[in-house]
Each structure stands twice: as C-alpha cells, then as structure tokens.
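These notes are about the structure you will find just below.
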Number of protein chains: 2
Amino acid sequence: MTERGTKGKVFFRRLEELFRPRSVAVVGASDDFGKLGYHVMKSLLEGDFGGRVYPVNPRAREIWGLRAYPSVGELPEGVDLAVVAIPAPLVPEVIEACGRKGVKGVVLITAGFREVEDPRGEELHRKVSEIASRWALPIIGPNTFGFVNRTVGVNASFTPEFSLIRPGGIALVSQSGGFCHLSGFMAIEEGVGLSKLVGIGNRLNVDFPEMVRLLAQDPEARVIALYIEGMERPRELVEAAQELRGQKPILAYKAGRSEKGDSASRFHTGALAGDYRIWRGALRQAGILEVQSAEELLDAAKALEALPPLEGPRIAVLSSQAGPGLIAADKVEAEGLRLARFSASTQRRIDELLPPLAMRTNPVDMGPAWYNPRAILGILEAVLEDEATDGVLFLNMFASANLKLATEVRDYLKGRETLSKPVIGCFSAPLGLWEEVQEVDQRKGFVILPTPERAARAMGDLWCWHRVKRRWPKGG
Amino acid sequence: MTERGTKGKVFFRRLEELFRPRSVAVVGASDDFGKLGYHVMKSLLEGDFGGRVYPVNPRAREIWGLRAYPSVGELPEGVDLAVVAIPAPLVPEVIEACGRKGVKGVVLITAGFREVEDPRGEELHRKVSEIASRWALPIIGPNTFGFVNRTVGVNASFTPEFSLIRPGGIALVSQSGGFCHLSGFMAIEEGVGLSKLVGIGNRLNVDFPEMVRLLAQDPEARVIALYIEGMERPRELVEAAQELRGQKPILAYKAGRSEKGDSASRFHTGALAGDYRIWRGALRQAGILEVQSAEELLDAAKALEALPPLEGPRIAVLSSQAGPGLIAADKVEAEGLRLARFSASTQRRIDELLPPLAMRTNPVDMGPAWYNPRAILGILEAVLEDEATDGVLFLNMFASANLKLATEVRDYLKGRETLSKPVIGCFSAPLGLWEEVQEVDQRKGFVILPTPERAARAMGDLWCWHRVKRRWPKGG
C-alpha cells in the first residue's frame, strides 16, 4: 500500500496534480443560481482557468453552454479533477466512478458526513474513505467550499470572486470555509497575494499533515498559513512541520480554545479541538509561529513572504508625523523588539537632513522635513545602511497638502531593485491614491500595512521567525 | 478673570462657537498648492461649509476667486473664526489683531512654538498665550492640522478629504495631527461617523480638560474619543472626566508609554508623556475606558455610539459558518464576557429552526440553515428575546452562492426600527455589496465590524462601559 495507499507516492503525486488540473468535471453542475454547482461552473468559466470543463448532470444536455455528461462514467478519458456538489447519499457511487475513470483527485463540496449527529453520516464517511483508499484518490473535503490556486489560475470553488485574489506566495489552508471567506475577501481588499486558498473541511484523506508535506515541496508556497480548529492526528502535523522547521515559515491560527470551543469544533469538522495549552507547546516545538487573529495571520504571512529576513531586534521607527511614530515605538517594545540606537555616523546624517525642530533620535519625527521628500528618503537610506539597525517601520500619514511626499516615496520604491532590510510601511490615504504603491508592495522588500500597530506586530512576527531559524538552523 | 480669562465663561462660549462659525478668515490664504493656506481654502470652499470665507494675504487682491484682505484689521466685522497658517514670528501680531477685531476663536496651524528646541519657540508661545488670555481668545493649536465639524459641515483644516467623513456621534480629539490622519481616513473607509475631529496640537489654551468640558455639554458628541501623548495638567483632565463619569463614554488611547516615548512626546507637543502606570490608574479612576490601538478606538466608539447598552456579560454567538463562530467564542471569553446559556424555550425555538446537523447551542453554527435566511433571522430574534442573553455577535461570511442571505439580512435590518440588545455583525463581502447594510449600520442598534475578533473586542468594550456606569451610577 505504500505506493498506492492514501499515504503512498501515487496518492501524493495525484494530490499535487489535483491543484493544477488541465481538465475539470463538475458533478452536479447547474444552470440554476440556487445550486452550488452553478457557482462552481461560474468560478471555473469566468476565472483564469484555461483548461476544459465538463459539466456532469443526468438531467441536462447542456449547462453553461457546454455539453453536459449524464455520469462520470461517460466522461472522456483523462479528466484530472472532479468537483462534486451533489446530495451526500449519491457521493459513494460517484467517487467509485471517479476512481474507475482514472480521475486523479476530487473536491467534495457536499456536507453531511462525519460532522453530523446522524450515524448515517459517519457510515457514509467510512464508505467514501474506503473507496478513496482503494483508488488512492485524494479528496479535498467533504464539507468544503473548494480551493483556489492563483498560481495556475484554477478556481475550483463555489466562490467566483476568489479569482480576484492577487497571485502571490502565501498558501492558506483552513479547516473552515467561513474562515477562507473571511480571509479571502480581506486578501482581495488589502491586495495580499496568495498562491493557494484551500478549505480542507472534514479532511477525509487530505488533512493538515498531507497539506504541509505537499506545500513543503511547492516552490510557489513561500509561506504556509494554517487555520486549525482540531484534528485527530496532531502529532503527524507536528512531524510534517518539523521537517520544514526553520526552512519555510508556517503560521498557525488555532481556534476552539475553550471547553465550549472544543465541543463546537467536534460538531463542525468532526474533530475535538483539544487542550489549547498542549497545542501551544506542540506548535512551538514544531517551529510553527502562532498568531492571534485573522488579521495577524495575513499580515504576518505577507511580511514573511515579501521581506528580507529580520536578523536582529533593533528597529528604526521613521515617521513623518510624531504621533504614529510614538504608537509604533510603544508597540515595538511590546513585541519584544528594541528601538535601534543609531550609529554616530547615521545620527550625523539624520542631523544633517532634519532641522533641530523635533525628535531626531529613534523614533525619528521627520515632521520638520515634511515638505522635503528627498530628506525623508535620505533618512530611510541612512538607516537602511546603519549596521545598528535591523528593520524599519516607515510611517507616512497622507495629507493632500503633501501629495508630493506620497508620489516621491512611490517613485523611490518603484526605482529600487530591492531593500536590504525589512521595511514595513504604513500609509493612510484616501482609497486609490496608494494603488501604485501597492503594486510596489511585496515586490521589492517592502510591505504596507494599514496601521502602525499592525506594522509593528508583523515586525514582531518576523523576529519570532528569526528565532525559529536560529534555534533549528538545519531544519528538522 | 473668571468671566473673561481662558477659564472663564466668555472663553468657553467662544470655544463652543469656534466649532460652528458662520464666517471664517484664512490668514495666509493662498492660490499656491505648495502652501497650507491653499488647502485650508480648499477645505472650506469645497466642503459643506455654507458661511462666508475671507482670505487674508497682503500680497494678493483675490485668492480662490474671492476678494483678499491685506490684514485681519481690515476684515469686515463679525468674523467668527480665523484659521492662521503663516510663519511663526508673524503670529503674535495676527493674534493681537484677531482679539482687537473681535474674532471669536483661532485655529493656529503654524508650528515652531514650545515644541522646538530653540528658546525663541518658548518665548513665542508665552507671548501668544498672554495675548490670547488678554482677549479671552480660544486657540486650537499651534502645530495642528485644524478641525472638522461634520455636524455643521465646517472643515477648518488643511485636509479637504476630511469633508468625506460621515457625520455621526463620535468626537475625536487628538494631540497628534498624524493620528487624526490615520483615524480620519480609517473612518472614511469603514464608514464610521464622526461629529468632530480635532487636532489640539500643542494646546496653547485649549487642552484635553477644556475639550472634555466642552464636549460634555455637546449633544452631538455622544461618545468622546481621545488620543493622548502627554500633558501638563493630567489632573484637570481627570476632574473634567469625573464630572461625566458613567454619563457619556470617554475612550482614551494613551501613547508614549516607554522612556523613549516620554522624551519623544516632549519633543512632539512640549509635554512629558509621564509614567504610563500612573496614567492607567488615573484614567480608570476618571471612568475613562482605555483602548490599545487606533482600530480599537474607532471600533469601540462606533459600538458605544450606536448600540443599546450591554447590561450583562452573556453573549450569543450566531454564525452562518462554524469557523468564525469558534473564533468569536474564543475571544468572548478572552474579553471577560461569557457565552450565554440559552433558556429552554429559546433553545427549543433554535432546535425547531435548525436541523440537527451542527452545533445548536452557543456558539450556534447556523450553517445547516445557510439557504434559509428566515431561519437565520428567526434564530437572531429568538436570542434577542431571550432573557439569558445580553448581547449578540452575528457573523455571516459572504459567498455569492448565498447572495440571498446577504440581501435578506439587509432587508430585515432596514425594516427594524431598532434592536433591543447590542448586536455586532461581521460580514465579509466583496467591496460594495454591503454598502446598503452599512447604511443601516449605526442607525438601528446594529454595527458592523470587519472581523470576528474586532466584533468581540468591541463587545468587551461595551461591557467595560457598563461596569463604569454601575460603579458610578450618579456620575461624578
């Protein structure tokens, strides 16, 4: 079974292929807006997917303008992926047909398996498991919204809007489809780039350990972000993560922390959440960084993906207005970082660029140079070159009176190949103005976050990652 | 002096009038985009201000198409407010002229007073103070961006975009103009309604105590939000706040917490930040709620303004997807709140509305009723009527497959006069879809926040406010 079972090589090769199919069958495809099969068709046809799409539905000859097939058995050969959105009792037969037809993987959107109280759910789950195992067929779900792979442009989900997510280097794997919808729309609004967004639902045979093993080998997944409620095999996740320890960042947001959460999790995806304290220790031991909110999960992933490493805790806070700089300085210390003490030569350069009208040591109030973008960028460069500084928080609140500062900072960033140290920027602005800066964002060692507090927290997460790398310099 | 001095009745009447002027002179008005006086003119002329605007500039006959006056002395009688944006050395003479002319108040944008190292700054400050005191002339600033009063539609600042802030019941007073730009643009993006946004800068004679005394009497300021760095007379703030204790919520975000922050604050606005632990105690004693971020300041203010009081700690978490519900449940407990235990009759109603496919006790996973908005709204109503529930977190992550849920929730909220208990909603959605819900937001005892974590935290702030009211039921 090691070659063909659900843990074998065939299984893993297929799992990898599942996420970049050249052809997709939609079982339960529909022209009716009220059916999930309608939205799956929409996601596939209106997104970037360039491959073939085969609707499967015995009650229609044509769906979304495409020839419909009455059953999986009648599909042409060589379909890579089947997305299944049909009533639960019909699922075992369809999975069996997929195996027989040589379909390489399944996204099982249908709910009503082990997560329900009804014992027939558990029985269905066992039945589908057994069939999948026999065919070495990886199944995402059941009870999932599906997945999006932005790297190759496949939206195999019931949410067409996820085709708007910017392609990037973060792979987000979640036990909850609701969490994917929270994070996916946040990513769209804030311009965060994802490679994959995957709802693993009730994890029939593709669970966190399998996803981490897969993503470990995936060069497009430069950062792995997990939303975990509970699972049956936490040890296997820890083992899979340990192999990657210090090599590729894994972030986790663990929900279901209380006793109530524990039973809620049991109901949701069929697994106990487990004792949170034990989870904390296990995550730490696995070199997984724990975060405390959906916001922080994306912020930290964005920073880890795009920025050069933070090699030390000494942070420069450069702010065009004193207030946001003070806020950032407070949070730098709260995050276990330190305010850098600039070298004498850096301080001299700053003193030359800034009139003695405000704080010129760290946190630097660049207010007196507000109308002098060259001075502000000169201070940024001085600090980037300072050996006593490891990272920079660069804060510029927009005011239309100083549009020039906004545009010159943007042009500077566009002109730089890369920045040598992590710089996290924070720019308030009327919607739209910073779009061009957002283009620069994530490409050149520079990311933007919406508030000084979030910028400082993401810097703290970079520092946590540095400590993981230092603790396990050779990985597992 | 009690009638006419800077603490007298005349002074306070003028301070009140300063924020709703019928006519404004702009000293330093300009047609040159590079001057602050250009942007102040733009703010006044392109916003909602219906009164007269008088440019003052000795070097022009016409500015922004209006007749320019060479000096304050030559202005017509009865100008209520002068916004001053001219070099610091010229300020004393202009303030003297304002007093002589009977101008009722001044916004002094000019910087370069006590906050600078140069002893001439301190001297100028003293000089202007003395003049202002002699004329009982309230001065906002110096070193401020100005203020916006959305209730009457005056934008007396150098940031014209602030006229886009939605009128509402939150008065935000900040020692930092940068913080106003951070919060002001956040408020615009998130649709938070403000009555006033005021940068008090270096607080020549209008400091936090004066603003709190003023806002205590202001029916448009239903919630007061403060951003504080440091001040000379913290005791007076505490005293002013105590008079209001338990009557009108005051929130404070205190920056400058570390030693570094202390000296940065000294440089910024001329006041030591002071020992943070002492501040914490003083704020608590004054009945002021402390928050920990710019985000929380607006979120909590929004919730306190719009929602009925949270009378107890028992929270119902209703979520259309289990994951966000689990997250909210975790945070409810972390905020010192409790998950409500529904009464037997409420539980029966929920059990009737929800098939037994998911968690039906609190946190309620409404997933199985995902396609049945009437059931979801029925559960909301059952919980609102339940005597064992004090507040509700109502979470619906959008998926286009279930547009119906989004629109029916919106229609339900539009049709309700008000909700009897605080409900904080969280809705992920592609930009634009929830615009109509945002209209409902804040009007009917219902507010929307972007994440389950922020929703739960704002509920925690409501609970803190309840405890302040309980501790000081009769105010000061």
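Laboratory data are not the source of any read-out in this text; all were calculated from the coordinates shown. Remember, it's a predicted structure, so these values are computed and weren't measured experimentally. Please note: Cβ atoms are built from the backbone with ideal geometry, for glycine as well, and neighbour counts cover all protein chains shown.
Towards the positive end of the charge dipole of the protein assembly as shown, with charges on Cβ (+1 Lys, Arg; -1 Asp, Glu), say which of A:255, B:276, A:75 has the farthest Cα.
The listed residue farthest towards the positive side: B:276.
Skipping prolines and chain starts, which residues have an amide H placed within reach, meaning under 5 Å, of the one on residue A:111, given they are 5 or more residues away or on another chain?
A:143
Taking each residue of A:313-323 in turn, how many C-beta atoms of other protein chains fall within 10 Å of its C-beta, and what is the average?
That average works out to 5.
Provide the per-residue ³J(HN,Hα) series for the range B:197-210, in order, calculated from phi with Karplus coefficients 6.51, -1.76, 1.60 and θ = phi - 60°, each as a whole number of Hz, with x at glycine and proline positions.
In residue order, the calculated couplings are 10, 10, x, 8, x, 8, 6, 4, 9, 10, 10, 3, x, 5 Hz.
Please report the Cα spread of the range B:307-471 along all three principal axes, rounded to whole Å, starting with the longest.
Taking max minus min along each principal axis of the Cα atoms, the range B:307-471 gives 47, 34, 28 Å.
May I ask you to list the GluC sites (Glu not before Pro) in the range B:384-424 that are in a DSSP loop and have at most 16 other Cβ atoms within 10 Å of their Cβ?
Loop-located and lightly packed - B:387, B:417.
Could you tell me how many degrees, from 0 to 90 and to the nearest 10, lie between the Cα long axis of helix A:276-285 and the main elongation axis, the longest principal axis, of the Cα atoms of chain A?
With rounding to tens, the tilt is 70 degrees.
So if R0 is 35 Å, what FRET efficiency would residue A:216 and residue A:77 give, r being the distance between their Cβ atoms, rounded to the nearest 0.05?
Computed FRET efficiency for residue A:216 and residue A:77: 0.65.
If you take every residue apart from residue A:250 with its C-beta less than 13 Å away from the C-beta of residue A:250, what net charge results, scoring Lys and Arg +1 and Asp and Glu -1?
+1
I need the phi-derived Karplus couplings for the range B:72-78: 6.51 cos²θ - 1.76 cosθ + 1.60, θ = phi - 60°, integer Hz, Gly and Pro marked x.
After applying 6.51 cos²θ - 1.76 cosθ + 1.60, I find 4, x, 8, 5, x, 5, x Hz.
Can you give the angle from 0 to 90° between the axis of helix A:259-269 and the longest principal axis of chain A, with both taken from C-alpha atoms, to the nearest 10?
50
Do me a favour and compute the ellipsoid semi-axes for the range A:171-255 from its Cα gyration tensor, root of five times each eigenvalue, largest one first, whole Å.
20, 16, 10
Add +1 for every Lys or Arg and -1 for every Asp or Glu among the other residues with Cβ under 10 Å from the Cβ of residue A:195, and state the total.
Working: positive: A:150, A:196, A:222; negative: A:218, A:220, A:305.
That works out to 0.
Place the label 7 angstrom along Cα→C-beta at residue A:407 and in each other copy, then list the distances from the first to the rest in nm, shortest first.
4.3
Quick one: label points 7 angstrom along Cα→Cβ at residue B:281, distances to the other copies in nm, smallest first?
Copy-to-copy label distances for residue B:281: 3.8 nm.
What residues of the range A:5-20 lie in the reach of a label at residue A:52, counting those whose backbone N is under 18 Å from a point 7 Å from the Cα along Cα→Cβ?
So the set is A:18, A:20.
Can you list, shortest first in nanometers, how far residue B:475 lies from the same residue in the other copies, with each label 7 Å from Cα toward Cβ?
Ordered by increasing distance: 6.8 nm.
More than 18 Å apart: what percent of Cα pairs in the range A:81-170 qualify?
Summing the P(r) tail past 18 Å for the range A:81-170 gives 46 percent.
Expressed as a rounded percentage, what relative contact order does chain B have, with Cα pairs under 8 Å and six or more residues apart?
RCO, chain B: 11 percent.
For a paramagnetic label modelled at 7 Å from the Cα of residue B:388 toward its Cβ, which residues of the range B:319-337 fall within the zone defined by backbone nitrogen distances under 12 Å?
Counting backbone N atoms under 12 Å from the label point, the list is empty.
So for the range B:165-306, Kirkwood radius off the Cα pairs, Stokes-Einstein at 25 °C and 0.890 mPa s: how many µm² s⁻¹?
Using the Kirkwood radius from Cα pairs, D works out to 166 µm²/s.
Report, in degrees rounded to the nearest 10, the 0 to 90 angle that the Cα long axis of helix A:36-46 makes with the longest principal axis of chain A.
Between the helix axis and the principal axis of chain A, the angle is about 60 degrees.
Hey, if you put +1 on the Cβ of every Lys and Arg and -1 on every Asp and Glu Cβ in chain B, which of B:51, B:288, B:27 ends up farthest toward the positive end of that dipole?
Value: B:288.
As a check on your grasp of the helix formula, calculate [θ] at 222 nm for the protein assembly as shown: sum -39500 (n - 2.57) over DSSP H runs of n ≥ 4, divide by the residue count, round to the nearest 500.
Theoretical 222 nm ellipticity from helices: -12500 deg cm²/dmol.
Give me A:26, B:10, A:116, A:173 ranked fewest to most by other Cβ atoms within 10 Å of their Cβ, as a rough exposure proxy.
Numbers: A:26 32, B:10 17, A:116 22, A:173 27.
With the fewest neighbours first, A:26, B:10, A:116, A:173 line up as B:10, A:116, A:173, A:26.
What Rg and what Dmax come out for the range B:1-128 when only alpha-carbon atoms are used, in angstroms?
14.8, 43
What FRET efficiency, computed as 1/(1 + (r/R0)^6) with R0 = 30 Å and r the Cβ-Cβ distance, is obtained for residue A:345 and residue A:408, rounded to the nearest 0.05?
After rounding, the FRET efficiency stands at 0.75.
Using θ = phi - 60° and the Karplus curve 6.51 cos²θ - 1.76 cosθ + 1.60, what whole-Hz ³J(HN,Hα) does each residue of the range A:300-317 get, with Gly and Pro shown as x?
Once θ is set to phi - 60°, the couplings for the range A:300-317 become 5, 4, 4, 5, 5, 6, 9, 9, x, x, 8, 8, x, x, 8, 10, 9, 10 Hz.
Can you tell me what share of the DSSP beta bridges in the range B:1-147 is antiparallel? A percent to the nearest 5 is fine.
Values: 2 of 18 bridges.
Counting only bridges with both partners in the range B:1-147, antiparallel ones make up about 10 percent.
Among B:342, B:320, B:357, whose Cα lies farthest out toward the positive end of the dipole of the protein assembly as shown, if unit charges sit on the beta carbon of Lys, Arg (+1) and Asp, Glu (-1)?
The residue sitting farthest along the positive end of the dipole is B:342.
Averaged over B:400-412, how many beta carbons belonging to a partner chain fall within 10 Å of each residue's beta carbon?
For this peptide, the per-residue mean of nearby foreign Cβ atoms is 3.
To the nearest 20 debye, what is the magnitude of the charge dipole of the protein assembly as shown about its Cα centre, counting +1 on the Cβ of each Lys and Arg and -1 on the Cβ of each Asp and Glu?
In total the dipole reaches around 920 debye.
In whole Å, what are the Cα extents of the protein assembly as shown along the three principal axes, biggest one first?
Reported extents, whole Å, longest axis first: 94, 64, 51.
Hull surface divided by four, with the convex hull built on the Cα atoms of chain B: how many nm²?
Projected over every direction and averaged, the Cα hull of chain B covers 23.4 nm².
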